[in-house]
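S.K.: The following block contains the structure, expressed as structure tokens.
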Amino acid sequence: MAAVVSPTSLESAPRIMRLVAECSRSRARAGELRLPHGPVATPVFMPVGTQATMKGITAEQLDALGCRICLGNTYHLGPRADPESPRSPRLYELAAQPADALRWGFPQDSGGFQMVSLVSLSEVTEEGVRFRSPYDGDETLLSPERSVEIQNALGSDIIMQLDDVVSSTVTGPRVEEAMYRSIRWLDRCIAAHQRPDKQNLFAIIQGGLDADLRATCLEEMTKRDVPGFAIGGLSGGESKGQFWRMVALSTSRLPKDKPRYLMGVGYATDLVVCVALGCDMFDCVFPTRTARFGSALVPTGNLQLKKKQYEKDFRPIDPECACPTCQKHSRAFLHTLLHSDNTAALHHLTVHNIAYQLRLMSAVRASIVEKRFPDFVRDFMGTMYGDPTLCPSWVTEALASVGITLG
């Protein structure tokens, strides 16, 4: 087993989380992230703009929907930089679209997840991750230091450590190796960070589905005085029962006064449950990706608008939704666009799906502030599943673990 290096800390790490309200029964909290580009209310869902912009929607439209924070990706933005320096004009222009032009919070994923998503193109060593670029085939090394260098240049409000990520379905020695390496890489990221007064470095908790490994990682990483913590290595194919237990373990041992970011989670049910378990921040490509397949998110799940049943349905996607798509276009119109391969349909659905996610999180937050979160959860599950007692067993178990019963 690899030894853990001595703890280091970011000197005077800023406290960026202000708690506004807490649920008296569950672990749900409402707060505010105080970021350089402006405040962000939590709980919050962050749409993913892999290359600093989102497919199918403009930055101005995101702003109009009330989006105040979105996610970029170091691995995908890094190759656009000058080979000798990440400080290229093109990279700054990409980063500036969400962060500077609209004064948004702008977290930057370190690129660690690409070890899983591009596993056939990567090799992991203690030095870092060596990728073969899917763009030109060239090899590049993404080390903890290089990852932080690129993120420093981008000016992201929140930057992530480079972590050693393995699929949540992997078992055995590789999980332990990745967990300890992530701790060592966190220390290298802290040492390389040049702008701790302007950019907030988050640690990423690893350990797979092994409670002991995750507990060890939590114990070690929370010794480092970083501004926030992410829960990584989940939502990769594990069972929902395994998923929620690792989330609950993590939130139970993370500092109360710092943000907790659950990475890669975007299904509506998962968001509500994980807020109850104590998470503050989420990101996922789900709402935008599912839009490109013709799926519209609604309180009862989703509508597959390519289906014939919507051919003459002149209602909006959701009569309660105030987004531009629901205000102007019918299900029948969108159905017609989808069947004519008109890309405008994907744009309209993307606008709606992001609006749905933002509205959901706003409603979750309001229920916490107004001290009615357990009732909100029961109402949400009743709408989603027809009856709160009919929702999946993992949901019932997860909520019961923090004092919310659905029966």
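The values are calculated or read from the model by the stated rules, or taken from the named source; none is laboratory data. Here the structure is a predicted model, which is why all the values come from computation and not from measurement. Don't worry about glycine lacking a Cβ; one is built from the backbone with ideal geometry, like all the others, and counts go over all protein chains shown. The accessibility values were calculated without ligands, DNA or RNA, using every heavy atom of the protein model including side chains. Shrake-Rupley method; radii C 1.70, N 1.55, O 1.52, S 1.80 Å.
S.K.: I'd like to know if segment 151-158 contains one or more residues that are among the acidic types (Asp, Glu), open to solvent by less than 20 Å² (accessible area, probe 1.4 Å) and within 21 Å of Gly264 (Cβ to Cβ).
M.R.: Of segment 151-158, the ones among the acidic types (Asp, Glu) are 157.
Those still in the list that are open to solvent by less than 20 Å² (accessible area, probe 1.4 Å) too: 157.
Subsequent filtering for residues that are within 21 Å of Gly264 (Cβ to Cβ) retains 157.
Checked against the condition, which is being among the acidic types (Asp, Glu), open to solvent by less than 20 Å² (accessible area, probe 1.4 Å) and within 21 Å of Gly264 (Cβ to Cβ), segment 151-158 yields at least one hit.
S.K.: Which residues, counting only those in segment 170-195, are touching a Cys at 6+ places or on another chain (Cβ under 8 Å) and either among the β-branched types (Val, Ile, Thr) or surrounded by fewer than 17 Cβ atoms within 10 Å (Cβ to Cβ) (or both)?
M.R.: Ile183
S.K.: What number of residues in segment 283-321 are touching a Cys at 6+ places or on another chain (Cβ under 8 Å) and hydroxyl-bearing (Ser, Thr, Tyr)?
M.R.: So the count comes out to 0.
S.K.: Filter segment 270-287 for residues that are open to solvent by 10 Å² or more (accessible area, probe 1.4 Å), touching a Pro at 6+ places or on another chain (Cβ under 9 Å) and not acidic (Asp, Glu); which is farthest from Arg214 (Cα to Cα)?
M.R.: Of everything passing the filter in segment 270-287, Val285 is farthest from Arg214 (Cα to Cα).
S.K.: If you scan segment 328-343, which residues turn out to be loosely packed, with under 13 Cβ neighbours inside 10 Å and either among the hydrophobic types (A, V, I, L, M, F, W, C) or under 16 Å from Arg315 (Cα atoms) (or both)?
M.R.: Of everything in segment 328-343, just one residue is loosely packed, with under 13 Cβ neighbours inside 10 Å and either among the hydrophobic types (A, V, I, L, M, F, W, C) or under 16 Å from Arg315 (Cα atoms) (or both), namely Lys328.
S.K.: Got a sec? Which of Leu65, Leu77, Leu33, Leu71 is open to solvent by less than 10 Å² (accessible area, probe 1.4 Å), at pLDDT 85 or above and of a type in the set (A, V, I, L, M)? Give the derivation first.
M.R.: Values: Leu65 fails: open to solvent by less than 10 Å² (accessible area, probe 1.4 Å); Leu77 fails: at pLDDT 85 or above; Leu71 fails: at pLDDT 85 or above.
Among Leu65, Leu77, Leu33, Leu71, only Leu33 is open to solvent by less than 10 Å² (accessible area, probe 1.4 Å), at pLDDT 85 or above and of a type in the set (A, V, I, L, M).
S.K.: Only one residue in Phe376, Phe380 is part of a helix (DSSP H, G or I) and over 24 Å from Val285 (Cβ atoms), so which one is that?
M.R.: Testing whether each residue is part of a helix (DSSP H, G or I) and over 24 Å from Val285 (Cβ atoms) leaves just Phe376.
S.K.: For segment 389-402, check the following and say yes or no: at least one residue is in a helix (DSSP H, G or I), open to solvent by 60 Å² or more (accessible area, probe 1.4 Å) and within 23 Å of Glu60 (Cβ to Cβ).
M.R.: Taking every residue of segment 389-402 in turn, none turns out to be in a helix (DSSP H, G or I), open to solvent by 60 Å² or more (accessible area, probe 1.4 Å) and within 23 Å of Glu60 (Cβ to Cβ).
S.K.: Within segment 9-28, restricting attention to residues that are among the aliphatic types (A, V, I, L, M) and at pLDDT 70 or above, which residue is surrounded by the most Cβ atoms within 10 Å (Cβ to Cβ)?
M.R.: So, considering only residues that are among the aliphatic types (A, V, I, L, M) and at pLDDT 70 or above, the one surrounded by the most Cβ atoms within 10 Å (Cβ to Cβ) is Ala28.
S.K.: I'm checking my understanding of the structure. Among residues of segment 224-237 that are open to solvent by less than 10 Å² (accessible area, probe 1.4 Å) and touching a helix residue (DSSP H, G or I) at 6+ places or on another chain (Cβ under 9 Å), which one is nearest to Asn200 (Cα to Cα)?
M.R.: The selected residue is Val226.
S.K.: For Lys240, all conditions in the list (1) open to solvent by 20 Å² or more (accessible area, probe 1.4 Å); (2) within 23 Å of Leu186 (Cα to Cα); (3) not hydroxyl-bearing (Ser, Thr, Tyr) hold save one; what is the number of the exception?
M.R.: (2)
S.K.: Now for a separate question. Could you give me the residue pairs with C-beta distances under 7 Å whose first residue belongs to segment 209-234 and is within 13 Å of Met160 (Cα to Cα), whose second residue is open to solvent by less than 30 Å² (accessible area, probe 1.4 Å) and among the charged types (D, E, K, R) wherever it lies, and which are 6+ apart or on separate chains?
M.R.: As it stands, the answer is Pro227/Lys258; Gly228/Lys258; Phe229/Lys258; Phe229/Arg260; Ile231/Arg260; Gly232/Asp163, since those pairs meet every condition given.
S.K.: OK, next. Report every pair of residues separated by at least 6 positions or lying on different chains whose Cβ atoms are under 8 Å apart, first residue within segment 315-335 and assigned to a loop (DSSP other than H, G, I, E, B), second modelled with pLDDT of 95 or more and among the small types (Gly, Ala, Ser).
M.R.: If the second residue must be modelled with pLDDT of 95 or more and among the small types (Gly, Ala, Ser), the pairs left are Arg315/Ser330; Pro316/Ser330; Ile317/Ala296; Asp318/Ala296; Cys321/Ala355; Ala322/Ala355; Cys323/Ala355.
S.K.: Which ranges mark the strands (runs of 3 or more DSSP E) fully within segment 200-307 that have 2 or more residues being over 16 Å from the mean Cα position of the chain (by Cα)?
M.R.: Ranges flagged: 295-298, 301-304.
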